[in-house]
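Values in this text are rule-based calculations from the coordinates and carry no lab data. What you are looking at is a predicted structure, and each value in this text was computed from that prediction instead of being measured. Using ideal geometry, Cβ is built from the backbone for each residue, glycine included, and neighbour counts are taken over all protein chains shown.
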């Protein structure tokens, strides 16, 4: 029973988040971008540390270090711009920063793939090829449609979050009422058994 009530309350919180996304999309986007920037910053730092483990492979080490430093720099810039600019400007700056990072990352992965092919490392071609394709496609889309990310996607996300929260809330209420109904029937049956004894 308590779990169902918690589910209903959690659903209401998610509904509130969905309403907040729809009413204040720029504030939500700014918060989301800051979280993303912190993630890229931490990921870049851990990649810098990891790349030093690859020192014996000079070419891979250099490319890994460049990618890691790029991620770290983009993370710093994303956090800086998110904190210092207005809500509306965050979308434009960050979208172009992320697109640039994806494009450079794709180019560096192409260089990685060429090197790995030269040293006959098999099995990574598909993985790296798909990584390149995804990076380049997203970079091009972000360069072409930066405003789309800031408006349409956030609105769609807000509606989805709102619907998920409402679904959780109402399913919790329905299950709660059914559990209560079954509990009453069990009490009635137990009462009949005690009368028979």
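Which one, 144, 103, 136, has the greatest fluctuation when you compute a Gaussian network model over the chain with C-alpha springs under 10 angstrom?
144
Compute the acute angle (0 to 90°) between the alpha-carbon long axis of helix 154-196 and the principal axis of greatest extent of the alpha-carbon atoms of the chain; round to the nearest 10°.
Helix 154-196 and the main axis of the chain meet at about 30 degrees.
Helix 87-118 versus the longest principal axis of the chain: what angle, 0 to 90°, nearest 10, using Cα atoms?
60 degrees
Could you list 52, 10 in order of exposure, starting from the residue whose Cβ has the fewest other Cβ atoms within 10 Å?
Numbers: 52 11, 10 14.
Starting with the residue having the fewest Cβ neighbours, the order is 52, 10.
What do you get for Rg/Rh of the range 2-196 when both radii come from the Cα atoms and Rh is the Kirkwood radius?
Expressed as Rg/Rh, it is 1.23.
Which of the peptides 38-47, 68-77 is most tightly packed, and how do the rest follow, judged by the mean count of other Cβ atoms within 10 Å per residue?
Details: 38-47: 16.1, 68-77: 18.5.
Highest to lowest by the protection proxy: 68-77, 38-47.
Rounding to the nearest 10 and keeping the result within 0 to 90°, find how far the Cα-based axis of helix 2-23 lies from the longest principal axis of the chain.
The angle comes out at about 50 degrees.
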